[in-house]
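Quick notes on the structure that follows.
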Amino acid sequence: MADDAGLQARAKFTAMTEGTAEDWAAISRAGQAHRGRHVDRLVAHLILLDNDHGGFNVDRLEHSLQTATRAFKDGRDEEYVVCALLHDIGDILLPASHAELGAAILKPYVSEANHWMLEKHGIFQGYYFFHHLGLDRDMREQYRGHPHFEYTAQFCHLYDQSSFDPDYESMPLEAFVPMMQRVMEAPKTSIYKRPDAA
């Protein structure tokens, strides 16, 4: 089936070994038509965190909003604020390693420092509670000397560990959506991005 311009609308192959340039052009066009919708899907997933307290004083959505609001009010840039918002998005999908999921989602769109912060924040956050679970609260020390150690420790201290206050007035989720759209408008790095592409 072809569109008005006579272009192939869908790939015709049944195995990638049979794919042609026309097939991949059709796939690329289809992908472009949905560009930006991943933000809508992330917002929908954040909403799943609403009313999921996991035993905490606030639900997981409020914790995320509170962390992002604190970062925003502290003058952090939009990329950092979006990282703060999505840092725990993996809590219900990947509870045993939630930090890595948030890091993977944002990796193409953020700096190396912000990606490392997201990926390691679970270990760094452990400084505040691991000893209550019989774990080593100093687990983060394995990364002492890393260029992003203090950056990550600061995120956890200033924004993450302090964002469980039921009386705090967080910004609404809708306030962060335009920031997410701008930060995730186009990947900075991706295996699907040609080196000569802007």
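Taken over the range 149-191, residues that are assigned to a loop (DSSP other than H, G, I, E, B) and open to solvent by 30 Å² or more (accessible area, probe 1.4 Å) amount to 18. Being at pLDDT 90 or above and part of a helix (DSSP H, G or I) is the filter here, so list the residues in the range 23-52 that pass it. Those that are at pLDDT 90 or above and part of a helix (DSSP H, G or I): Val39, Asp40, Arg41, Leu42, Val43, Ala44, His45, Leu46, Ile47, Leu48.
Only one of the listed residues (Gly90, Gly55) is open to solvent by 70 Å² or more (accessible area, probe 1.4 Å), out of contact with any Lys or Arg (no Cβ under 6 Å at 6 or more places or on another chain), part of a loop (DSSP other than H, G, I, E, B) and not β-branched (Val, Ile, Thr). That residue is Gly55.
Scan the range 58-87 for residues that are open to solvent by 10 Å² or more (accessible area, probe 1.4 Å) and either closer than 21 Å to Tyr109 by Cα or touching a His at 6+ places or on another chain (Cβ under 7 Å) (or both) and jot them down. Of everything in the range 58-87, those that are open to solvent by 10 Å² or more (accessible area, probe 1.4 Å) and either closer than 21 Å to Tyr109 by Cα or touching a His at 6+ places or on another chain (Cβ under 7 Å) (or both) turn out to be Asp59, Leu65, Phe72, Gly75, Arg76, Asp77, Glu78, Glu79. Scanning the range 135-192 for residues that are hydroxyl-bearing (Ser, Thr, Tyr) and farther than 20 Å from Phe72 by Cα yields a count of 4. If Lys107 satisfies all but one of (1) surrounded by fewer than 22 Cβ atoms within 10 Å (Cβ to Cβ); (2) free of Cβ contacts under 8 Å to residues at least 40 places away in the same chain, what's the number of the condition it fails? Lys107 satisfies all of (1) surrounded by fewer than 22 Cβ atoms within 10 Å (Cβ to Cβ); (2) free of Cβ contacts under 8 Å to residues at least 40 places away in the same chain except (2). Beta carbons closer than 8 Å, at least 6 apart along the sequence or on distinct chains, pair a first residue in the range 157-181 that is under 14 Å from Asp88 (Cβ atoms) with a second that is surrounded by fewer than 14 Cβ atoms within 10 Å (Cβ to Cβ) and of a type in the set (D, E, K, R) for Tyr159/Asp74. Residues in the range 171-191 that are modelled with pLDDT of 95 or more and farther than 16 Å from His87 by Cα: 7 in all. Please list, ordered by first then second residue, the pairs with beta carbon atoms under 7 Å, 6 or more apart or interchain, first in the range 111-125 and aromatic (Phe, Trp, Tyr), second in a helix (DSSP H, G or I). Once the first residue is aromatic (Phe, Trp, Tyr) and sits in the range 111-125, its partners that are in a helix (DSSP H, G or I) give Trp116/Thr152; Phe124/Arg140; Phe124/Thr152; Phe124/Ala153; Phe124/Cys156.
The values are calculated or read from the model by the stated rules, or taken from the named source; none is laboratory data. Please read these numbers as outputs of a predicted model, since none were measured by experiment. Positions of Cβ are generated from backbone atoms using ideal geometry, with glycine treated the same way; all protein chains shown enter the neighbour counts. Heavy atoms of the whole protein, side chains included, go into the accessibility calculation; ligands, DNA and RNA do not. Shrake-Rupley method; radii C 1.70, N 1.55, O 1.52, S 1.80 Å.
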